[in-house]
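K.L.:
Structure provided below as structure tokens; questions to follow.
Read the figures in this text as sums done on the coordinates, not as results from a lab. Predicted, not measured: the structure shown is a model, and the values here were computed from it. Reconstructed Cβ throughout: ideal geometry from the backbone, glycine too, with neighbour counts over all protein chains shown.
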Amino acid sequence: MRKILVLLSLGLVALNGCKKDSTPSLVENTVLPPATETFAPGAAVTIKGSGFTAADEIWFRAQTKATDDIQATVTKQTATEITFIVPQGLPAGEQTVLLKRDDREMPLGKITVAEPSAAAKLYGIGSSDDGNTTVFWEIDKTTGKLTEIISIPGNQYAQWESLVADPTSGLIYCNKSFEDPENDFAEQSELYRIDPDKKTIEKVGLLTDQEDTHYSLCLIDGQLHALIDQKTNEEEHHEILFSLVSIDPNTAAQTSVADFGSLQEALGLSNLINIDTERDLHPLVYDPISKSLIVPIWIEEEDNDVIQLTQLNIADKKIIPGEKSLEYFIPFLMDNEVYGAFYTENRQSIDFRAINTESLTIGSSIGQATLSGNDQFGDEDA
């Protein structure tokens with residue numbers, strides 16, 4: 001009798017082993033780019049299929065168990081296709097693409113990642129020794145040597161700012177804010193494009209002709225955007241409204257992305273408190289992990305001016321205040337992590353610190369740099 005039970009048990013195991021997996025696919029009829037096509041980090045990839053949802057995430061499976069999967073930034077998603085950016089740090093070669101939805105995942109196939117393109121270059125805006133000419137420089141990241149790209153005769157009514165380099169095209173974008181003397185000194189802002197190889201500059205188009213409206217350019221998922229701050233004019237009560245737009249790099253046409261609302265309301269401040277958003281060219285950085293903008297806000301108080309670490313969450317369209325600092329800092333991105341360059345009061349030294357974009361706190365020092373002589377960072381640096 002015992003033998004029969006054992007045989008029956010084995011039979012059940014065999015039957016269960018032959019049972020097909022009934023777990024449904026997350027998407028169907030997937031079509032990946034041709035296997036002969038390669039994608040460098042920063043390039044956009046589109047996968048077609050049916051059944052994509054807004055909750056879908058794209059990840060790359062790590063080569064070893066010791067390394068976590070790497071998430072890609074999704075830039076476009078419909079029911080029939082999904083587009084994402086190949087993340088930095090992926091090794092060259094064939095990589096597995098995963099679709100993750102809630103607690104489920106599905107391999108979509110493989111794409112070939114190319115070797116990273118030449119290292120990103122560093123650029124800056126400066127001026128000639130006499131201060132009468134605006135100069136765009138390429139900066140050697142090892143030696144600090146400046147190589148002039150192009151120079152523009154000075155204009156007392158104009159200010160060049162928001163220098164943004166597109167690593168994909170190799171072009172540089174910036175905007176010029178000025179008061180037009182031929183139009184009752186009306187405030188305007190224009191988008192310009194610089195080709196550092198050809199050493200040319202051209203006007204793309206008008207960004208705005210509204211007073212008390214300022215544009216800070218940035219790249220989000222490889223696309224040109226601008227953070228807009230606009231001051232309302234109600235006697236001495238100046239409320240600041242923040243919004244985000246995407247910008248067509250060929251026409252300067254704008255598309256609304258997020259309206260964040262009142263900065264004072266989000267920070268719990270009275271409109272009588274002066275918030276200087278125009279200090280030092282509106283430094284900001286896009287954090288691809290939290291999908292938000294990190295912006296230091298200069299608040300002028302009676303006793304001490306403070307810098308408010310501020311996050312602009314794009315998905316939730318919210319302004320979130322973080323830790324305050326008595327030291328001015330410029331946020332920057334390194335290896336997909338946000339850091340801050342904190343300046344001493346006399347601007348003769350810099351302290352580099354990590355910034356936690358989840359808790360919005362400032363970490364301890366990871367290194368320092370000393371500026372000697374006249375090598376101070378001022379309002380004309382980028």
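K.L.:
Rank by packing, highest mean first: peptides 358-365, 252-259, with packing defined as the count of other Cβ atoms within 10 Å averaged across residues.
P.N.:
Averaged packing, sorted descending, gives the order 252-259, 358-365.
K.L.:
Work out how much length D195 to T344 would gain on full extension: take 0.36 nm times their residue separation and subtract the Cα-Cα distance, in nm to one decimal.
P.N.:
The span from D195 to T344 would gain 50.2 nm if fully extended.
K.L.:
At what distance in angstrom do the alpha carbon centres of region 294-361 and region 152-209 lie from each other?
P.N.:
26
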